[in-house]
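Visitor: Please find one structure pasted underneath; my questions will follow.
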């Protein structure tokens, strides 16, 4: 068996220049995803990454699900031929950025005080650069990861992965052959919890239920009496749904998080009132706060065309997010709240996922932080949104979010996602490369 190479010999700052260059190069490729099949720049970004991967003998393949919708996948061989493959994955698309709202060019990748500014710096071109830089280091130093590494950089993540991960899972599952686990965004960021730096390891994601609601009534003149008014039916339904208080419901992930935070606080966890623990996790509450229950938020209402005409139909949209195992319960509750006069149908849905906070990979992630930041702790959490791990779960692949980023205490990572003046410290990216190398358990090639 090859001898394990201790990544601790790598000094802080070793990867600053390289990881910053890749991050900046990717930001300067505008890969804005407007939703639907309206995007730009994915083929150019995929080609840039493929060139880097080709130099690492990863045999990258650029796959287009539709013209202009590109992802790139390659594989680096591991030294343990008995171990299943591990997927490292990110996405190359970004959400739109209104330049008039920013203090810098969103695609200029300016460096100010050792911080890279630009759309995608946090979500997630900086993380893509961490993965590429780590694999570059292994190749340059003649090392191999323990497991085969499948590096997948997807398009279309920001619009649900229809033209990216979901398409690849449905049409090219061969690209992920032999893989059992995956690592990607959003976890790995830091926040201060009860006076200690904590790294949040994502083990679960809420599901998605984007719902369309339709109410049918009797059209007529606005001056007449009407007891069968579609607008009234829909207004009642959306009010009931919008004001519904979903009860607390803990999964394995959220209960363990609350209990571990309580231990750091030196208190006993009262599961009927998690507010002290939510207050204690600082900026991470943005991601965690809505994961202790199902949720449903009205997002749109459409009806009518003239003041004095009662329309025959009213329509609405709803963004609901079920916890793992709660998909049917959430839909039944929403239909009950909406009432018999309102039809509820899916526009888009995907089930919530949850991976165990245990096993060799989780232990490797926790150990990486213990080695690189010994005073810190690692905490599990559930993501309120979704990632490409959801699509990979259809292949039986357990997904985790953990690209480690040691952040300044005053930088609130959750606010960077899709935010104005999105940015990432270069030191945080450098730390991420060093920590990821530990997780990959490298050994000298042929030793």
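The values are calculated or read from the model by the stated rules, or taken from the named source; none is laboratory data. Since the model is a prediction, treat every value here as computed from it, not as a measurement. All Cβ positions, even for glycine, are placed from backbone atoms using ideal geometry, and neighbour counts span all protein chains on display.
Visitor: Looking only at segment 325-348, how many residues end up being in contact (Cβ under 8 Å) with a residue 24 or more places away in the chain, within 24 Å of residue 253 (Cα to Cα) and surrounded by fewer than 17 Cβ atoms within 10 Å (Cβ to Cβ)?
Guide: So the count comes out to 2.
Visitor: Next up: Being surrounded by fewer than 17 Cβ atoms within 10 Å (Cβ to Cβ) and either in the same structural domain as residue 148 (by TED's automatic domain parsing) or farther than 27 Å from residue 439 by Cβ (or both) is true for just one of 123, 98. Which residue is that? I'd like the intermediate steps shown before the answer.
Guide: Details: 123 fails: surrounded by fewer than 17 Cβ atoms within 10 Å (Cβ to Cβ).
None of the other options fit; the residue is 98.
Visitor: Is it the case that residue 109 is touching a strand residue (DSSP E or B) at 6+ places or on another chain (Cβ under 9 Å) and either touching a residue at least 24 places away in the same chain (Cβ under 8 Å) or more than 19 Å from residue 387 (Cβ to Cβ) (or both)?
Guide: Spelling it out, residue 109 is indeed touching a strand residue (DSSP E or B) at 6+ places or on another chain (Cβ under 9 Å) and either touching a residue at least 24 places away in the same chain (Cβ under 8 Å) or more than 19 Å from residue 387 (Cβ to Cβ) (or both).
Visitor: Could you pull out every one of the helices (runs of 4 or more DSSP H) wholly within segment 333-447 that has 1 or more residues that are under 20 Å from the mean Cα position of the chain (by Cα) and under 17 Å from residue 206 (Cβ atoms)?
Guide: Those helices (runs of 4 or more DSSP H) span 389-392, 413-416.
Visitor: Can you say whether residue 239 is within 28 Å of residue 338 (Cα to Cα) and without any contact (Cβ under 8 Å) to a residue 40 or more places away in the chain, as far as the supplied structure shows?
Guide: Yes, satisfied.
Visitor: Taking segment 146-168, which residues are surrounded by 24 or more Cβ atoms within 10 Å (Cβ to Cβ) and part of a loop (DSSP other than H, G, I, E, B)?
Guide: 147, 155, 156, 161, 163, 164
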